[in-house]
Amino acid sequence: MTRSVVAAAVGPTPELSGTNLVLVAVVLGISLAALAMAAVFRSQVLAASDGTPRMQEIARAVQEGANAYLARQFRTLAVFVVIAFFVLLALPAADLGVRMGRSIFFVLGAGFSAAIGYLGMSLAVRANVRVASAAETEGREPAMTVGFRTGAFVGMTTVGLGLLGASSVVLIFRDEAAHVLEGFGFGAALLAMFMRVGGGIFTKAADVGADLVGKVEHNIPEDDPRNAATIADNVGDNVGDCAGMAADLFESYAVTLVAALILGSQAFGDAGLVYPLLIPAVGALTAVLGVFLTRAKAGQNGLTTINRAFYISAAVGGLGSVVLSYLYLPASFSEFANVTGADMGTASGDPRLIAAAAVVIGIVMAAAILTLTGYYTGTEHGPVKEVTRTSLTGPATVILSGLSVGFESAVFTTLVIGAAVMGGYLLGGATLTVSLFAVALAGCGLLTTVGVIVAMDTFGPVADNAQGIAEMSGDVSEEGAQILTELDAVGNTTKAITKGIAIATAVLAATALFGSYATSVATAFAESGASEALDFTVFSPAILVGILLGASVVFLFSGLAINAVARAAGAVVLEVRRQFREIPGIMEGTGRPEYGKVVDIVTRDSLRELVTPGVLAVMAPVAVGFGLGVEALAGFLAGAIGAGTLMAVFLANSGGAWDNAKKLVEDGHHGGKGSEAHAATVIGDTVGDPFKDTAGPAINPLLKVMNLVSLLIAATVVQVSMGADENPVLRYGIAFVALAIVVVVVVLSKSRGNQMPTSDADAPEALQQHLR
């Protein structure tokens, strides 16, 4: 089956009018309704009791730390947003109005991503104490309801802002919406990547440092108030797992919509700009159903309750999407009067069936990944039980078994994602344009589940924080503590599940954007007047080199993120050890640790360390594209998607398995807390922390940032590389500058490792140098 990239490049000019304009306005209305429901869920959470005075005191400390961190992070990221605004303004587009719109909606996308992160965090730091209070005074079911409604607020806000931004672009720019949407998606993805990396470094540096000194060296509980890193650890749950992950899931939502709308305008004309908005709008409605279905029942496992709600809402969303497809789309491609793409003459079949089947593929994929991830990371299944059993023979076997789980699960999850991509692609028959759009529609199908997925994700850190507040305050009975322990274990699994689905969304969006890149290159090539031919075959040396470079960037990015956690955690360990040595009475409970110093250490380190991975993601495609050409950049993106999918799943699931293995031991298996088996699983968990909560999730926005950067620079790369406007000096100059920037930031990042001390004796002086 031969498909021409150049043939697909000439697309239609969608002209929204009449019914289509009304439908987009309806989607805009649904987005506002979703935001209104978010406000309702927020008020329900805040109406719950906020616990004892001691609980409130601890919660306020967490709130202050989280607010201070995010304020400093946003000031840092504002510099990148301003620079990117003017760079986007300079890149080619149809006219000045479109360039200006692209830059403005870039800022709006970045602002929405930041708002999702901040709003999710601001409610989570108020909800954690309410979950702890409800567990003590009302029982498991009310406590779980408060936690899940907190997640529902973030989920509905994500859906609402995503639909609001995309539908606004379509209403305002209409036939030029696809170009402006590139800016909106890039803004959401860029800020989410920085927030995910920075928040991930913060939370895991504090977590690892607290565990190594508290649990391993002093044999005290995880959230014991004698540990100076406990407040930083709880702050980290909010800036990493709430703010960072919420921003990540929002950009997944936004970028998937962007990819679908860009390709939809080429495949279905004006209908292609409307249909991808209608599907997630259905999801917004079914998400409300999923939230209200999540009501814990006595004697029923919390994870079972959440999964049931997910499956029911997903099924209703799938059914609604199928009905919508047959009501809205025509029965034949010949009825798309304004679709003029050169390869559309080969389109055949029923567009309604193709679109509906693609959406259902995405929903089925989400359910399959939920099941797979739950199996590999849940405490009730074989893989985690096997990791737990290996704790009897020491930390080395715990590490080995966890790595095995990660590697194995990556293969099966990737097969599911690959099957979904190929299934969508084959739906288009011989028509590349329709095939790529079908892949993007599979992503839209997955978006129908996002409201519930985000709720599941936020539930995890809220439950974790609630347990920490309960333990630090000492105001919760043994029965209440057991409820919170159970909810925390459920939260660990829901976080792992949402990471798996976020990875799938990233791959579908990146694949669709990859197709957009190819068509953009083909269009620019046709306009350049170049005499040479493009070679996109895998036998091209440029493609093969690009594949290797793309895979290499994923490994380098992951290594930088994990190493950043290791360095920051090392600084935390030294500070906590110092306080145990120098502050009298900490172990006896008469001395008060200096919590603020640890918060300050991880804040400084995380904000400093987030720059290097972020610069790598933006500059690597620029260096490859301008230095080696558009074919090599295509291979680069393919290599990054392939390696990134496997790496992200491996890191997320191995970390999730180690975390829940520790939970099983703490529940009394193999000797329980304080045993050698417990110490072994704690070490496994500390290794897994940066895997599952820093490097793994950060790969999702990495893939989309690199694809969006490539899409944005594609026309410029072709322009300076071939044809009448060829300019080798400018081309290689840009590549050299981009490569030099990458080298400089990586070298600076690596040099920070030399500042860490080799023993506690020289720790104070070295630590001060590290902080400087």
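The values are calculated or read from the model by the stated rules, or taken from the named source; none is laboratory data. Just so we're clear, the structure is a prediction, and the values are computed from it rather than from any experiment. Note that each Cβ is placed from the backbone with ideal geometry, even for glycine, and that neighbours are counted across all protein chains shown.
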Take Ala210 and tell me if it is under 18 Å from Asp237 (Cβ atoms), part of a helix (DSSP H, G or I) and at pLDDT 80 or above.
yes
Quick one: would you say Ala115 is surrounded by fewer than 19 Cβ atoms within 10 Å (Cβ to Cβ) and either over 16 Å from Glu182 (Cβ atoms) or in contact with a strand residue (DSSP E or B) (Cβ under 9 Å, 6 or more places away or on another chain) (or both)?
yes
Matching residues, the range 362-379, being touching a residue at least 40 places away in the same chain (Cβ under 8 Å) and farther than 21 Å from Tyr253 by Cα
Leu372, Gly374, Tyr376, Thr377, Gly378, Thr379
From the list Gly117, Gly187, Gly198, Gly160, which one is under 18 Å from the mean Cα position of the chain (by Cα) and modelled with pLDDT under 85?
Gly198
Of the listed residues (Ala114, Ala132, Ala152), the one being in a helix (DSSP H, G or I) and under 19 Å from Ala71 (Cβ atoms) is Ala114
Of the residues Gly151, Gly185, Gly209, Gly200, which single one is in contact with a helix residue (DSSP H, G or I) (Cβ under 7 Å, 6 or more places away or on another chain), crowded, with 24+ Cβ neighbours inside 10 Å, small (Gly, Ala, Ser) and under 24 Å from Ala90 (Cβ atoms)?
Gly185
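Does at least one position in the range 706-727 carry a residue that is closer than 23 Å to Lys385 by Cα, at pLDDT 85 or above, buried (at least 20 other Cβ atoms within 10 Å of the Cβ) and touching a Ser or Thr at 6+ places or on another chain (Cβ under 9 Å)?
no
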If Leu730 satisfies every condition in (1) aliphatic (A, V, I, L, M); (2) in contact (Cβ under 8 Å) with a residue 40 or more places away in the chain; (3) farther than 22 Å from Phe557 by Cβ but one, which is the exception?
(2)
Lone qualifier among Leu319, Leu303, Leu273 - being out of contact with any strand residue (DSSP E or B) (no Cβ under 9 Å at 6 or more places or on another chain), within 30 Å of Asp175 (Cβ to Cβ) and assigned to a helix (DSSP H, G or I)
Leu273
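Might you check whether a residue that is surrounded by fewer than 24 Cβ atoms within 10 Å (Cβ to Cβ), more than 25 Å from the chain's Cα centre (by Cα), among the hydrophobic types (A, V, I, L, M, F, W, C) and over 30 Å from Val709 (Cβ atoms) occurs anywhere in the range 216-236?
Scanning the range 216-236 turns up at least one residue that is surrounded by fewer than 24 Cβ atoms within 10 Å (Cβ to Cβ), more than 25 Å from the chain's Cα centre (by Cα), among the hydrophobic types (A, V, I, L, M, F, W, C) and over 30 Å from Val709 (Cβ atoms).
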If you check Val79 against the conditions, is it surrounded by 16 or more Cβ atoms within 10 Å (Cβ to Cβ) and among the β-branched types (Val, Ile, Thr)?
no
The condition of being buried (at least 17 other Cβ atoms within 10 Å of the Cβ) and touching a Gly at 6+ places or on another chain (Cβ under 6 Å) holds, among Ala571, Ala617, Ala564, Ala551, only for Ala551
Can you tell me how many residues in the range 700-733 are among the small types (Gly, Ala, Ser), more than 20 Å from the chain's Cα centre (by Cα) and under 23 Å from Val180 (Cα atoms)?
2
Quick check: is even one residue across the range 423-433 without any contact (Cβ under 8 Å) to a residue 60 or more places away in the chain, in a helix (DSSP H, G or I) and either closer than 20 Å to Thr505 by Cβ or touching an Asp or Glu at 6+ places or on another chain (Cβ under 6 Å) (or both)?
yes
Name every residue in the range 687-708 that is over 17 Å from Pro461 (Cα atoms) and out of contact with any Lys or Arg (no Cβ under 7 Å at 6 or more places or on another chain), in order of residue number.
Val687, Ala695, Ile699, Asn700, Leu702, Leu703, Lys704, Val705, Met706, Asn707, Leu708
Residue within the range 168-175 that is in a helix (DSSP H, G or I), touching a residue at least 24 places away in the same chain (Cβ under 8 Å) and within 24 Å of the chain's Cα centre (by Cα) present
yes
Selection from the range 654-679 of residues touching a residue at least 24 places away in the same chain (Cβ under 8 Å) and under 15 Å from Phe691 (Cβ atoms) yields Ser654, Gly655, Gly656, Ala657, Trp658, Asp659, Asn660, Ala661
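For (1) under 23 Å from Gly198 (Cβ atoms); (2) part of a helix (DSSP H, G or I), each residue gets a yes or a no:
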| residue | (1), (2) |
| --- | --- |
| Val576 | yes, yes |
| Gly585 | no, no |
| Met619 | yes, yes |
| Ala623 | no, yes |
All conditions in (1) at pLDDT below 80; (2) in a helix (DSSP H, G or I); (3) surrounded by fewer than 24 Cβ atoms within 10 Å (Cβ to Cβ); (4) hydrophobic (A, V, I, L, M, F, W, C) are true of Val239 except (3)
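In the set Gly428, Gly443, Gly460, which member is closer than 17 Å to Ile361 by Cβ, at pLDDT below 85 and buried (at least 24 other Cβ atoms within 10 Å of the Cβ)? Write out each step before concluding.
On the way: Gly443 fails: at pLDDT below 85; Gly460 fails: closer than 17 Å to Ile361 by Cβ.
Of Gly428, Gly443, Gly460, the one residue that is closer than 17 Å to Ile361 by Cβ, at pLDDT below 85 and buried (at least 24 other Cβ atoms within 10 Å of the Cβ) is Gly428.
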Does any residue of the range 477-486 turn out to be in a loop (DSSP other than H, G, I, E, B), at negative phi and either more than 29 Å from the chain's Cα centre (by Cα) or at pLDDT 80 or above (or both)?
yes
Pairs returned, first residue in the range 627-653 that is on the phi > 0 side of the Ramachandran plot, second residue that is modelled with pLDDT under 90 and part of a helix (DSSP H, G or I), beta-carbon separation under 8 angstrom, 6 or more apart or interchain, are Gly629/Ala542; Gly629/Val717; Gly629/Ser721
Of Thr519, Thr493, Thr498, Thr505, which residue is crowded, with 24+ Cβ neighbours inside 10 Å, touching a Ser or Thr at 6+ places or on another chain (Cβ under 9 Å), farther than 30 Å from Ile262 by Cα and at pLDDT below 85?
Thr493
